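Step one of this worksheet: look at the structure below.
The values are calculated or read from the model by the stated rules, or taken from the named source; none is laboratory data. Treat the numbers as computed from the prediction; the structure is a model and nothing was measured. Neighbour counts run over all protein chains shown; Cβ positions are idealised from the backbone, glycine included.
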Amino acid sequence: MMETDKIYCLDCLEGLKQLPDKSIDLIMTDPPYLIKSTRAGGHSRLTRSIQPVNNLLKENSLDTGMDPDVLPELVRVMKRINCYIWCNKAQIPDYLDYFVGELGCSFDILIWWKTNPPPTCNNKYLSDKEYCLYFRKGGYCQPTSYGTAKTVFHQPINVLDKQTYPHPTIKPLNIIKMLIENSTRPGDIVLDPFIGSGTTAVACIELGRQYIGYEINEGYFEVAQKRIQDTIERLEV
């Protein structure tokens, strides 16, 4: 088995195949969303401000969705199905079909409701929410309070995190920490096969959980490595 408390710069399928069956307590991950078009409509100043972000998603293959071959590997390495997957609206049916329809999992749909979403354009509703699907089949889930049992998180886009550890889809650390704490015990192993800027690893370090992560993009891998080291140094002070 790969070392824990370490991230690897490689394709997640390659990494997953090096993990033994039933070795992971929880999967927390934010794979690429499925975005059919990254071209903002119109020629307004708003459109011009949004297009660079869309271009960044496309250039870094963050608009192609998850390879379906990854899903059976995720299931294989979990002790019991216990899995949080961030996604966009277009991906919800496929994930539900697989985990609920085929595997008989229970599920919850968690929502990050952004209080400061970017203005809309091209005749569409605001992009003011992101979804996190939680699937389990015997997996551990024990929120300890009313606040930690909520399924809708009202908070702004984490602009400071994006500036400090550049990644276009970075998720709020406080949300990731709460979900990991709800669904693991101290010392459990958390896997993030699309670790991006390292948020899952940082949450695990702060909570006393072990982690393993994969990131294929060398630039984001370096960002995550720096963030992990910054966290370790901060906690040692």
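A few comments on the model shown:
- Whichever residue in region 204-221 is closer than 19 Å to Pro172 by Cβ and not acidic (Asp, Glu) and, among such residues, is nearest to the chain's Cα centre (by Cα): Gly213
- Within this structure, Thr4 fails the test of being under 23 Å from Val223 (Cβ atoms), in a loop (DSSP other than H, G, I, E, B), at pLDDT below 85 and out of contact with any Ser or Thr (no Cβ under 9 Å at 6 or more places or on another chain).
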